[in-house]
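The values are calculated or read from the model by the stated rules, or taken from the named source; none is laboratory data. On a predicted model such as this, the values are computed, not experimentally measured, just so you know. Note: ideal-geometry Cβ built from the backbone for every residue, glycine included; neighbour counts use all protein chains shown.
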Amino acid sequence: MSFKLTQPPQTGNLMNLAEVLLHALKDQGVKEIFGIPGDFALPFFKAVEESKILPLYTLSHEPSVGYAADAAARCHGGPSVAAVTYGAGGFNMVNPIASAYAEKSPVIVISGGPGDGDKSTGLLVHHQAKRLNSQLEVYKEVTCDQVILEDMQTAPADIARVLNSCKTHSRPVYIEIPRDRVFDHCEPVTDLNRCPPLAIHDSALKACVDETLEHLHQAASPVLVVGVEIRRFDLEAETAELARKLDIPVVTTLMGRGLLSQQNVPLQGTYLGVAGDDKLTRLVEESDAPILLGTILTDGNFGISGKKFDFRKVVVASDGQVSMGYHVYHDIPLKSFVSELNRRVKQSTATKANTPAALTYPRNMIADKQAITPTDIAMAINDLFHSSGPMPIASDMGDCFFTTLDIEYTDLVAPGFYATMGFGVPAAFGMQVASGKRPIVLLGDGAFQMTGWELLNAGRYGWNPLVIVFNNSSWEMLRTFQPESSFNDLPELNYARIANELGGKGYRANNREQFKDALTTAANNTDSFQLVEAIINRGVLSNTLRRFVKGIEKMRQQADGL
Ligand code: TPW
Ligand code: MG
């Protein structure tokens, strides 16, 4: 089958649609594009490559494109782009974009689309699922704004609207470019960053802040619980300033782990209900004024609390509103709330002597011939951080994610709420591109089988993550919920050998001594990606996952009235 490409016309000084879009993306703070082309997207990819406005990183499978852009967006605190072809590419990326939607990560999806020529043949267009706009309809569920750029008259305003929506809501958006429009003349986008802010009523903001401060004033044991929105809306420094002034302990939610790692704040660790550290759990659950800033009320964040939260005492600022007691202040963006609190709280009240000592993390892994446990991996990483400085972490879902709770607090990207597997390796690429730092990747063997192969792309771009595979030949996290099922057994593969095949350097560790040696060597070798495979026995879990499973079982029993 051959496909006709529309060639760029001579445009003189005028810009074409692709260039207009690329400049608008750049103006909106986008730094890179991840993608996989197809014939519907080839003209756009050609424009990306030849215009050199933004760098392009191609990967092997579309889910990875979505994860990489998601992680880059999380690290930038601003949008990144995932570009795909129509149908086969676009549908392949729905799950990562659903994840980005749920976790409020501003990913801009750009998809090629059928052109006029494709639509007028009376034939079904290849890659078409049901109707020509089925892909748009699917993406409407997992993006906050969408456009098909068919009309060059309205394109600049449409682009501005969609990019502004992405920033305002910190959620994915969808842009489809019919393949025969890419090189059409188009006026530049002029009204970017004019996010018509949510209408804020000053008197409502004042009343809301008054009430919050009064509540804090009366409280004996307030605590600040921060969640991902403070990163998504670029409020980490302001939140840290507020925490210092209020002088009250700060914890993050599970989804928010990694937040404030660059800030000087009285950060205690991560609240995880019955699955978490006992001291922290009491700090939050016994507080008479938990102030939840930018936290999403998910089951993972709050559902596994041993005690029911008394929402009469809790202030929840997220999703553009603030609720407390039995009432809600609508249309109060988090930024306005935090800024106004900061303006009003002048100095430390310094009356709250209840800030416990910060959490300590396990260290000094014993390098002997014993089998490796997830906690050993955490200890060895902590030892590494102490000897040669912290590294950012990209974690997949599986026991590796729960192990991060035993690792020193550092920058972290993980699918902490939506909990999709396959995130780790591509997310590390996004993280390295966005931060310029070498990341550690934590993933299970099951997750490796989904997107680990993407490591083959690391060499081309000079990415050199330090990958740690928790190899238990098992979907172990599932096994803990349902031990009787044999489908949780996975084949015994040698991931160290696979790493060598993929252009990196692999190490297989059967015991703690070998793990420590491999980790040290891998950390010192920055020439290519390094992969340390830790052989872990089935049934051996991290402390947090063990508590998490017990917590979930207890909740289910309570729900069933047992
Ligand atoms: C895209 C469901 C959650 S955890 C898990 C599965 C299949 C097993 C993970 O195995 P792995 O790690 O990586 O070897 P470990 O420590 O448990 O042994 N499909 C997707 N996402 C999720 N979350 C699942 C299935 C799942
Ligand atoms: Mg496994």
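Mind counting the residues in segment 94-117 that are closer than 24 Å to VAL48 by Cα and within 16 Å of ligand 1 (Cβ to nearest atom)?
The number of residues fulfilling the criteria is 4.
Which helices (runs of 4 or more DSSP H) does segment 384-487 wholly contain that include 1 or more residues that are in contact with a Cys (Cβ under 8 Å, 6 or more places away or on another chain) and more than 15 Å from ligand 2 (Cβ to nearest atom)?
Helices (runs of 4 or more DSSP H) meeting the threshold: 424-435.
Among the residues of segment 458-473, which ones are touching a residue at least 40 places away in the same chain (Cβ under 8 Å) and either more than 16 Å from ligand 1 (Cβ to nearest atom) or surrounded by fewer than 22 Cβ atoms within 10 Å (Cβ to Cβ) (or both)?
Taking segment 458-473 and keeping what is touching a residue at least 40 places away in the same chain (Cβ under 8 Å), we get 458-459, 461, 463-473.
Once the filter is applied, which keeps residues that are touching a residue at least 40 places away in the same chain (Cβ under 8 Å) and either more than 16 Å from ligand 1 (Cβ to nearest atom) or surrounded by fewer than 22 Cβ atoms within 10 Å (Cβ to Cβ) (or both), segment 458-473 yields ALA458, GLY459, TYR461, TRP463, ASN464, PRO465, LEU466, SER473.
Yes or no: LEU267 of a type outside the set (D, E, K, R), more than 26 Å from the chain's Cα centre (by Cα) and surrounded by fewer than 23 Cβ atoms within 10 Å (Cβ to Cβ)?
no
Show the residue pairs meeting these rules: Cβ distance below 7 Å; 6+ apart or different chains; first residue within segment 317-329 and without any contact (Cβ under 8 Å) to a residue 24 or more places away in the chain; second residue not β-branched (Val, Ile, Thr).
Short answer, once both residue conditions are applied: GLN321/TYR329; GLN321/HIS330; GLN321/ASP331; GLY325/ARG312; VAL328/GLN321.
Would you check which residues across segment 33-69 are hydroxyl-bearing (Ser, Thr, Tyr) and surrounded by fewer than 24 Cβ atoms within 10 Å (Cβ to Cβ) and list them?
SER51, TYR57, THR58, SER60, listed by residue number.
Where in segment 70-137 are the helices (runs of 4 or more DSSP H), entirely inside, with at least 2 residues that are modelled with pLDDT of 95 or more, out of contact with any His (no Cβ under 9 Å at 6 or more places or on another chain) and surrounded by fewer than 24 Cβ atoms within 10 Å (Cβ to Cβ)?
Counting at least 2 such residues, we get 94-102.
Let me spell it out: the conditions are (1) more than 16 Å from ligand 1 (Cβ to nearest atom); (2) surrounded by 24 or more Cβ atoms within 10 Å (Cβ to Cβ); (3) farther than 27 Å from GLY78 by Cα, and GLY430 meets all of them except one. Which number is the exception?
Going through the list (1) more than 16 Å from ligand 1 (Cβ to nearest atom); (2) surrounded by 24 or more Cβ atoms within 10 Å (Cβ to Cβ); (3) farther than 27 Å from GLY78 by Cα, GLY430 breaks only (3).
Tell me, please, whether a residue that is farther than 12 Å from ILE468 by Cα, more than 12 Å from ligand 1 (Cβ to nearest atom) and assigned to a helix (DSSP H, G or I) can be found in segment 368-375.
There is at least one residue in segment 368-375 that is farther than 12 Å from ILE468 by Cα, more than 12 Å from ligand 1 (Cβ to nearest atom) and assigned to a helix (DSSP H, G or I).
Would you check which residues across segment 159-196 are among the aromatic types (Phe, Trp, Tyr) and in contact with a Pro (Cβ under 7 Å, 6 or more places away or on another chain) and list them? Steps first, please.
Going residue by residue through segment 159-196, those that are among the aromatic types (Phe, Trp, Tyr) are 174, 183.
PHE183, the sole residue that qualifies.
When segment 483-521 is examined, which residues are found to be hydrophobic (A, V, I, L, M, F, W, C) and more than 16 Å from THR373 (Cα to Cα)?
Within segment 483-521, PHE487, LEU490, LEU493, ALA496, ILE498, ALA499, LEU502 meet the criteria.
Please specify each residue of segment 474-483 satisfying the condition of being within 12 Å of ligand 1 (Cβ to nearest atom) and either of a type in the set (Phe, Trp, Tyr) or without any contact (Cβ under 8 Å) to a residue 40 or more places away in the chain (or both).
TRP475, LEU478, PHE481, GLN482
I'd like to verify a number: residues in segment 306-335 that are in contact with a helix residue (DSSP H, G or I) (Cβ under 6 Å, 6 or more places away or on another chain) and either crowded, with 16+ Cβ neighbours inside 10 Å or in a strand (DSSP E or B) (or both), how many?
Result for segment 306-335: 7.
How many residues does segment 417-427 hold that are within 12 Å of ligand 1 (Cβ to nearest atom) and crowded, with 24+ Cβ neighbours inside 10 Å?
Matching residues across segment 417-427 total 4.
Residues of segment 433-450 being farther than 17 Å from VAL532 by Cα and either away from ligand 1 (no atom under 16 Å from the Cβ) or among the small types (Gly, Ala, Ser) (or both), which ones?
Listed by number, the residues that qualify are VAL433, ALA434, SER435, GLY436, LYS437.
Within segment 488-500, how many residues are within 14 Å of ligand 2 (Cβ to nearest atom) and outside any helix (DSSP H, G or I)? Spell out how you get there, then give the answer.
The initial filter retains those residues of segment 488-500 that are within 14 Å of ligand 2 (Cβ to nearest atom), namely 488-493, 495.
Those left that are additionally outside any helix (DSSP H, G or I): 489-493.
Result for segment 488-500: 5.
Does segment 253-266 include one or more residues that are more than 29 Å from LYS167 (Cα to Cα) and in contact (Cβ under 8 Å) with a residue 12 or more places away in the chain?
Residues of segment 253-266 more than 29 Å from LYS167 (Cα to Cα): 266.
Still in the list and also in contact (Cβ under 8 Å) with a residue 12 or more places away in the chain: 266.
There is at least one residue in segment 253-266 that is more than 29 Å from LYS167 (Cα to Cα) and in contact (Cβ under 8 Å) with a residue 12 or more places away in the chain.
Quick one: count up the residues across segment 489-521 that are crowded, with 20+ Cβ neighbours inside 10 Å and in contact with a Ser or Thr (Cβ under 6 Å, 6 or more places away or on another chain).
Summing the residues that are crowded, with 20+ Cβ neighbours inside 10 Å and in contact with a Ser or Thr (Cβ under 6 Å, 6 or more places away or on another chain) in segment 489-521 gives 1.
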